[in-house]
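The values are calculated or read from the model by the stated rules, or taken from the named source; none is laboratory data. Because the structure is a prediction, the values reported are computed rather than measured. Cβ coordinates were reconstructed from backbone atoms using ideal geometry, including for glycine residues, and neighbour counts include every protein chain displayed.
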Amino acid sequence: MDTKSGKPPATNGIPWQAAIRFLITTIFALAVLFLSAGSLQWWEGWAYIGMTLFTLVVSRGLILLKNPDMARERAEAGQKEDVKAWDKIIVPLIAIYGPLVSWIIAGLDQRFGWTPDLPDYIQVIALGVMFLGNMTATWAMVVNRFFSSHVRIQAERGHIVVSGGPYHVVRHPGYAGGILGWIAAPVFFSSYWVAIPSVVVITLTIIRTALEDRMLQEELPGYREYTERVRYRLVPGIW
């Protein structure tokens, strides 16, 4: 949940389920990518996994240092009763099925050569853009201790508004970073077909941004005033 933050209360510890989920996700991503490609001789697959793992380790490490209670919130938010019904539909599509489909398509495109390869330097630039998007989301996550996995008002955690860091530029920098990564994904994998799940996930993210922003204006004290100072949701000067 891409909202704003205040000072953290005492933490109750980090759920071990989060570490197990991280390990399983990593192994699963490796398996899907390379089984689809039918070969381990695929530098794009290794570069993608390396970049993703680096980002996850850095972001989760910073969270544990700065906002340790957020790890529990992100792990348990899906079971909370106050999660918005529409977000229960959108989250799996964005966080699970979108990446899964893109990995399968990228691997199959590599195996069967559906799309001509782009020059390596263009793919490396695209990987850099993906990394920039991931780090933008990481910055937002570190600044905002209410950056939950699901949209809800976290009243029990003292949910308030703050406009520091990237939130001084746009209201939902985490989503903006995610969209940037999805825009670059088809270029990095040199696959026209990866553009299909990318467009779907980007569209769903924009819808989620609009729904969450409206919810925050209605339910989070001070957020409507914040929107008067920071006028754009995702892209400065556009929307």
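Observations on the model:
- Residues satisfying the stated conditions in region 73-107, i.e. of a type outside the set (Phe, Trp, Tyr) and more than 27 Å from Leu30 (Cβ to Cβ): Glu73, Gln79, Lys80, Glu81, Asp82, Val83, Lys84, Ala85, Asp87, Lys88, Ile89
- Residue match in region 92-110 (condition: closer than 21 Å to Arg214 by Cα and either in contact with a strand residue (DSSP E or B) (Cβ under 6 Å, 6 or more places away or on another chain) or touching a residue at least 40 places away in the same chain (Cβ under 8 Å) (or both)): yes
- Among residues of region 148-179, those that are in contact with a Ser or Thr (Cβ under 7 Å, 6 or more places away or on another chain) and among the hydrophobic types (A, V, I, L, M, F, W, C), counted: 3
- Pairs with Cβ under 8 Å, 6+ apart, first in region 220-239 and surrounded by 13 or more Cβ atoms within 10 Å (Cβ to Cβ), second among the polar types (S, T, N, Q) and part of a helix (DSSP H, G or I): Tyr223/Gln217; Thr227/Gln217; Arg233/Thr209; Leu234/Thr209
- Within region 109-149, tally of residues that are within 12 Å of the chain's Cα centre (by Cα) and in a loop (DSSP other than H, G, I, E, B): 3
- Which listed residue is at pLDDT 95 or above, surrounded by fewer than 23 Cβ atoms within 10 Å (Cβ to Cβ), hydrophobic (A, V, I, L, M, F, W, C) and touching a Leu at 6+ places or on another chain (Cβ under 8 Å), from Val142, Val199, Val161, Val129: Val129
- A search for C-beta distances below 8 Å between a residue of region 56-76 that is surrounded by 14 or more Cβ atoms within 10 Å (Cβ to Cβ) and of a type in the set (S, T, N, Q) and any residue that is modelled with pLDDT of 80 or more and assigned to a helix (DSSP H, G or I), counting only pairs 6+ apart in sequence or on different chains, returns Ser59/Asn134; Ser59/Ala137; Ser59/Thr138; Ser59/Met141; Ser59/Val142; Asn67/Val142.
- Cβ-Cβ distances below 7 Å connect the following pairs, each with a first residue in region 157-182 that is in a loop (DSSP other than H, G, I, E, B), a second residue that is among the small types (Gly, Ala, Ser), and a separation of six or more residues or different chains: Gly158/Gly6; Ile160/Gly6; Ile160/Gly222; Val161/Gly222; Val162/Ser5; Val162/Gly6; Val170/Ala176.
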